[in-house]
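Values quoted throughout were computed directly from the atomic coordinates according to the rules given, and no laboratory measurement underlies them. Keep in mind the model is a prediction, meaning the values are calculated, not measured. Using ideal geometry, Cβ is built from the backbone for each residue, glycine included, and neighbour counts are taken over all protein chains shown.
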């Protein structure tokens, strides 16, 4: 994955597909000012691919490492 790939912007439907979170959950998170960082361009909402991956990594649980 190149630097260009990690900085690309994706929409909420793509984030939903990547994370398994419902689009409505992403919308609720934005309204409550929590969850994955996002960018607002007019009425459009975009997420940086790198932010989505960082969010997933920060919520990763490794039972073998004892951080359950």
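Which of 25, 19 comes first, and how do the rest follow, when ranked by fewest Cβ neighbours within 10 Å? Mind showing how you got there, number by number?
Working: 25 14, 19 18.
Placing the least packed residue first, the sequence is 25, 19.
How far is helix 49-58 tilted off the main Cα axis of the chain, in degrees rounded to 10, range 0 to 90?
Value to nearest ten degrees: 30.
Given the peptides 27-33, 39-45, arrange them by the average over their residues of other C-beta atoms within 10 Å, most packed first. Kindly include the intermediate steps, with their values, before the conclusion.
Numbers: 27-33: 11.3, 39-45: 9.1.
Going from most to least packed, we get 27-33, 39-45.
Please state the shape class of the stretch 3-65: rounded when a/c is under 1.5, otherwise prolate if a/b exceeds b/c and oblate if not, all from the C-alpha gyration tensor. Display every interim value, and only then the final one.
Details: a/c = 2.09, a/b = 1.36, b/c = 1.53.
Here the stretch 3-65 falls in the oblate category.
Go ahead and estimate [θ] at 222 nm for the chain from helices alone: -39,500 (n - 2.57) per DSSP H run with n ≥ 4, summed, over the residue count, rounded to 500.
Working: 4 runs with 31 residues, N = 68.
Helices in the chain give a 222 nm mean residue ellipticity of -12000 deg cm²/dmol.
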